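Some notes on the structure that comes next.
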C-alpha cells in the first residue's frame, strides 16, 4: 500500500512541476477589474484568445452583465478600455 501511495505522490509531484501557471494579464488601468470580475468565470487565456473591436468587446461585456456580472457603468468603461487596448485587433488585422 505504501509503495502505491509513494508512486501516486511521485506522479502528482511530476505533474505539478510540469504545469505552468497561466500567463498574467498585462498591466494597466482595468487589469484588477478584469482579474476580479471577468476571471471569476473565464481564464486569462480565454480572454487573450480574442482580438475584438471596441464594439465587439462592448457587446461581450453587456452579455456578461445580462448573465449576472456585477459591473457598474464606471467599471464597464474601465474594463472596455482595458480589453480594447490589450486585446483589440492588431495593426495587421486592421489592414
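The values are calculated or read from the model by the stated rules, or taken from the named source; none is laboratory data. Everything numeric in this text was worked out from a predicted model, so none of it was measured. Heads up, the Cβs are rebuilt from the backbone with ideal geometry, glycines too, and the neighbour counts pull from every protein chain shown.
Can you tell me how many residues in region 1-34 are in contact with a helix residue (DSSP H, G or I) (Cβ under 8 Å, 6 or more places away or on another chain) and at pLDDT 60 or above?
Residues that pass the stated criteria total 9.
Are there any pairs with C-beta distances below 7 angstrom linking a residue in region 27-46 that is in contact (Cβ under 8 Å) with a residue 24 or more places away in the chain to a residue that is part of a loop (DSSP other than H, G, I, E, B) and surrounded by 12 or more Cβ atoms within 10 Å (Cβ to Cβ), with the two at least 6 apart or on different chains, and if so which?
31/25; 34/25; 37/69; 37/71
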